[in-house]
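Report on one structure; see the data block that follows.
The values are calculated or read from the model by the stated rules, or taken from the named source; none is laboratory data. Fair warning: this is a prediction, and the values are worked out from it, not measured in the lab. Heads up, the Cβs are rebuilt from the backbone with ideal geometry, glycines too, and the neighbour counts pull from every protein chain shown. Remember, those area values only see protein heavy atoms, side chains included, never the ligands or the DNA or RNA. Shrake-Rupley method; radii C 1.70, N 1.55, O 1.52, S 1.80 Å.
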Amino acid sequence: MSAEYEVAVVGAGPIGLAAALLLAKRAGIAPERIVIVDRRIPAVLPDLHALPVDLRVFALSRASEKILRATDAWGDIAATRASPFERMQVWHADVPPHGGDALLFDAAEMGERDLGVVAENSVMQAALLAAARRAGLILETGELESLERERGFMLLRTTGASIRARLVIGADGAQSRVRELAGLFARRTDYGQVAIVAMISTAKPHQHTAWQRFLGDGTLAFLPLADGHSSIVWSLPTARAEKLLSVPPQQFERELEQDFDSALGAVRLASERLRFPLWRISADHYVSERVALVGDAAHVVHPLAGQGANLGLLDAAALADVLAAGIAAGEDLGAERILRRYERWRRSENEMMSAAIDAFDRLLARGSGRVAQLAQRGMPWVGRSSIVKRAFIERAMGLTGELPAAAR
């Protein structure tokens with residue numbers, strides 16, 4: 001016997017949980033008709049304030065904050081070690097961090113209270129899981145084994161159950177099993193880089209500022225945390241990154257401080273060091289009949305702009321908008337013609353952002369040719385133009401483009 005639902009969301013990470021909640025709260029699908037499938041779903045909700053610190057953090061945009069408010073999870077996220085940042089400072093290795101050629105974006109200049117909020121992945125997931133339980137969504141533990149089309153449904157077989165759903169949403173990450181089983185091809189490009197992630201302390205306070213330095217061989221970002229520490233994302237050529245992961249802490253700290261130009265004084269490791277190989281992934285199609293991909297299952301971008309989670313949340317909100325309109329018109333929510341509306345909307349936005357991020361990586365973070373030098377010299381011009389600065393920051397805050405209803 002198979003349990004029957006309107007929607008099956010595969011993946012209980014932040015993007016999958018947000019997608020399921022938005023379908024219940026914004027698209028009008030009954031919560032008991034939505035099932036979330038993941039191989040790891042805790043039987044007991046964790047205490048958010050007792051969660052161990054997660055080294056994987058996200059810089060959430062204003063659009064993402066609005067989307068998470070719509071899921072009823074934002075209150076818990078904001079109350080659990082979330083850290084708003086009020087400024088963003090960006091500079092190239094060829095200029096001093098506090099010189100006139102460094103770019104400074106300030107929320108006060110925009111009339112905003114902050115530019116975004118740094119939040120931990122595990123806190124987001126736990127808060128969204130609590131919201132899903134409150135909303136009455138169905139949570140099913142199991143690993144997806146097969147996916148078959150039937151008349152009017154998709155049949156999912158997991159290690160724990162058989163499920164029939166009118167629509168399957170793949171929110172199961174970069175190695176998406178849904179994408180594979182649905183035959184949706186994805187192109188993958190190796191950046192030849194590894195991102196080192198760690199938590200550090202600094203001699204000088206982080207000033208509620210997100211710092212980023214383009215190095216010539218990569219990018220180094222410092223994100224401010226609520227307790228005064230900073231989270232680093234240090235993207236480097238694989239060989240150098242692997243060496244830094246193995247050296248003693250003191251040598252790691254010396255090289256980190258040097259690459260950061262001592263902008264916050266002496267640095268000290270306050271955690272282990274994690275590594276993430278960097279790839280660009282782009283699915284040729286986000287949808288097929290009764291299947292839609294969101295988040296990393298559809299696209300993975302370089303972390304230098306901190307946009308991965310933000311793009312995934314916009315996917316979830318856009319899909320909810322498209323399905324809400326289809327349901328209101330009496331259409332089958334798994335019909336490919338409806339899902340194509342979502343694909344056209346989000347694929348164009350995501351591809352544009354991915355191309356822009358790749359250009360930053362190629363020209364600013366690692367560039368050495370004439371075009372790269374022109375781009376690097378153009379950074380001070382951006383800082384001197386209030387119109388261009390506003391355009392940059394509005395894009396980073398997710399306030400431009402075709403926004404889903406939950407993000408407005």
Among V37, V294, V388, the residue with the largest mean-square fluctuation in a Gaussian network model of the chain built from Cα contacts under 10 Å is V388
For region 139-185 and region 323-369, distance of Cα centres in Å: 22 Å
Pseudo-spin-label distance R337 to A356, built 7 Å along Cα→Cβ, given in nm, is 3.4 nm
Beta carbons within 10 angstrom, averaged per residue: use that to sort the peptides 13-24, 108-119, highest first. 13-24, 108-119
What size of dipole, in debye to the nearest 20, comes out for the chain about its Cα centre when the only charges are +1 on Lys and Arg C-beta atoms and -1 on Asp and Glu C-beta atoms? 460 debye
Taking Rh as the Kirkwood radius computed over alpha-carbon pairs of region 112-267 and applying Stokes-Einstein at 20 °C with viscosity 1.002 mPa s, one gets a diffusion coefficient in µm² s⁻¹ of 110 µm²/s
Using helices alone, I'd like the mean residue ellipticity at 222 nm for the chain: each DSSP H run of four-plus residues gives -39500 (n - 2.57), total over residue count, nearest 500. -10500 deg cm²/dmol
In the chain, carbon and sulfur make up what percent of the accessible area (probe 1.4 Å)? 52 percent
Per residue, how many Å² of accessible area does the chain show with a 1.4 Å probe? 41 Å²
Highest-fluctuation residue, A203, A241, A324 considered, GNM on the chain with Cα pairs under 10 Å: A203
If R0 is 41 Å, what FRET efficiency do you get for K243 and R151 from their C-beta distance, rounded to 0.05? 0.15
For region 286-364, the percent of all C-alpha pairs falling in each 5 Å bin, from 0 up to the bin holding the max distance, is 3, 16, 25, 21, 14, 10, 6, 4, 1, 0
Whole-angstrom Cα spans of region 1-105 along principal axes, big to small: 67, 31, 24
What is the packing order of peptides 255-265, 221-231, taking the mean over residues of other C-beta atoms within 10 Å and listing the highest first? 221-231, 255-265
Give me P(r) over region 31-176, computed from all C-alpha to C-alpha distances, binned every 10 Å, as integer percentages. 9, 28, 28, 19, 10, 5, 0
Solvent-free Debye scattering, log10 I(q)/I(0), computed from the Cα coordinates of the chain at q = 0.07, 0.10, 0.14 Å⁻¹: -0.33, -0.67, -1.25
Output wanted: per-residue J couplings in Hz (rounded whole) for region 113-121, from phi through Karplus 6.51 cos²θ - 1.76 cosθ + 1.60, θ = phi - 60°, x for Gly and Pro. 6, 7, 9, x, 9, 8, 9, 7, 4
So which residue, out of I138, I281, I387, gets the largest mean-square fluctuation from a GNM of the chain using Cα contacts under 10 Å as springs? I387
